[in-house]
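Worksheet: the structure to be examined is printed underneath.
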Amino acid sequence: MTDSKVLIAPSILSSDFGRLAEEMQAVHQAGADILHLDIMDGHYVPNLTYGYVIAEAVRKATNLPLDAHLMVTNPGDYVDRLAKLGITWFSFHPETVFHPHRLVSAIKESGMKAGVALNPGTPVAVIDELLPELDFVLLMSVNPGYSGQKFIPSVVGKVKQLKAKLTAQNLSTLIEVDGGVNDRNAPELIAAGADILVAASYIFNHSDYAAAIRSLRDVQ
């Protein structure tokens, strides 16, 4: 990271969609750095969430950077339209495409930051050849598909492993962690090398969004 502050990215999946604009403004005022969009197709993962319409509504409601996590079988089809909607960060799962390097190039050419998302059971070695091309790596600390799942502790070691690889290659690639993140595991994740923490239910189920965000960030 360019500074020592961990970035907090509330996932709108746990927000009140009936008050979407108000929710986005509330987490912005509470200190969020990025807004995380979980786009699921019901094929790659057993859940169907939302697509372009919600992404566009969120973009209109806030000027925070938007981070789109594509849990879909055809992520390449989303690149151009999400770029036009003003998405800043775009990540996909490497097992969903035949040529991940080509997709990474297309994402970056569209003006977005390119990332690869790794499931808990997917080893970091899968992206060894891609690392120099990536702006960030999203490490899933739950199996993708649903909000509110229990954090998988072994991902802390995975963060350390990835951080060691990045340091050895002198890469500035950021490490993002998503799934079951809360005030209990945030200190371990940050110490291990995480740069961005995604939290859904922990923030949106909290009575005080600002306090929840502070509890994730102010652990050092």
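When region 59-78 is filtered for residues that are of a type in the set (A, V, I, L, M, F, W, C), within 24 Å of L139 (Cα to Cα) and over 16 Å from the mean Cα position of the chain (by Cα), nothing remains. Being more than 16 Å from V198 (Cβ to Cβ), at pLDDT below 95, surrounded by 14 or more Cβ atoms within 10 Å (Cβ to Cβ) and in contact with a strand residue (DSSP E or B) (Cβ under 8 Å, 6 or more places away or on another chain) is a description that does not apply to Y78. Out of L138, L70, L85, one residue alone is surrounded by 15 or more Cβ atoms within 10 Å (Cβ to Cβ), over 22 Å from A57 (Cα atoms) and of a type outside the set (V, I, T). It is L138. Entry remark, region 206-220: residues being aromatic (F, W, Y) and either surrounded by 22 or more Cβ atoms within 10 Å (Cβ to Cβ) or out of contact with any helix residue (DSSP H, G or I) (no Cβ under 8 Å at 6 or more places or on another chain) (or both) number 0 in total. Restricting to region 190-216, count the residues that are free of Cβ contacts under 8 Å to residues at least 40 places away in the same chain and either of a type in the set (S, T, N, Q) or more than 24 Å from A26 (Cα to Cα) (or both). Looking only at that region, the number is 5. Evaluate the following for I175: is it touching a residue at least 60 places away in the same chain (Cβ under 8 Å) and either surrounded by fewer than 19 Cβ atoms within 10 Å (Cβ to Cβ) or touching a helix residue (DSSP H, G or I) at 6+ places or on another chain (Cβ under 8 Å) (or both)? Spelling it out, it is not the case that I175 is touching a residue at least 60 places away in the same chain (Cβ under 8 Å) and either surrounded by fewer than 19 Cβ atoms within 10 Å (Cβ to Cβ) or touching a helix residue (DSSP H, G or I) at 6+ places or on another chain (Cβ under 8 Å) (or both).
Within the option set N143, N170, being under 15 Å from the mean Cα position of the chain (by Cα) and free of Cβ contacts under 8 Å to residues at least 40 places away in the same chain holds for one residue only, N143. Please go through region 180-205 and pick out each residue that is buried (at least 18 other Cβ atoms within 10 Å of the Cβ) and not in a helix (DSSP H, G or I). Across region 180-205, the qualifying residues are G180, V181, N185, G193, A194, D195, I196, L197, V198, A199, A200.
Within region 107-129, being among the hydrophobic types (A, V, I, L, M, F, W, C) and either closer than 18 Å to D195 by Cα or surrounded by 17 or more Cβ atoms within 10 Å (Cβ to Cβ) (or both) holds for I107, M112, A114, V116, A117, L118, V124, I127.
Within region 28-52, being over 16 Å from the mean Cα position of the chain (by Cα), modelled with pLDDT of 95 or more and among the aliphatic types (A, V, I, L, M) holds for one residue alone: A30.
Does region 9-51 hold any residues that are more than 19 Å from H206 (Cβ to Cβ), surrounded by 14 or more Cβ atoms within 10 Å (Cβ to Cβ) and either hydroxyl-bearing (S, T, Y) or touching a Ser or Thr at 6+ places or on another chain (Cβ under 8 Å) (or both), and which are they? The answer is L37, I39, M40, D41, Y44, T49, Y50.
Does L48 fit the bill of being among the aliphatic types (A, V, I, L, M) and free of Cβ contacts under 8 Å to residues at least 12 places away in the same chain? Against the criterion (among the aliphatic types (A, V, I, L, M) and free of Cβ contacts under 8 Å to residues at least 12 places away in the same chain), L48 qualifies.
The values are calculated or read from the model by the stated rules, or taken from the named source; none is laboratory data. If you're wondering where the values come from, they're calculated on a predicted model, not measured in any experiment. Ideal geometry is used to build each Cβ from the backbone, glycine not excepted, and the neighbour counts take in all protein chains shown.
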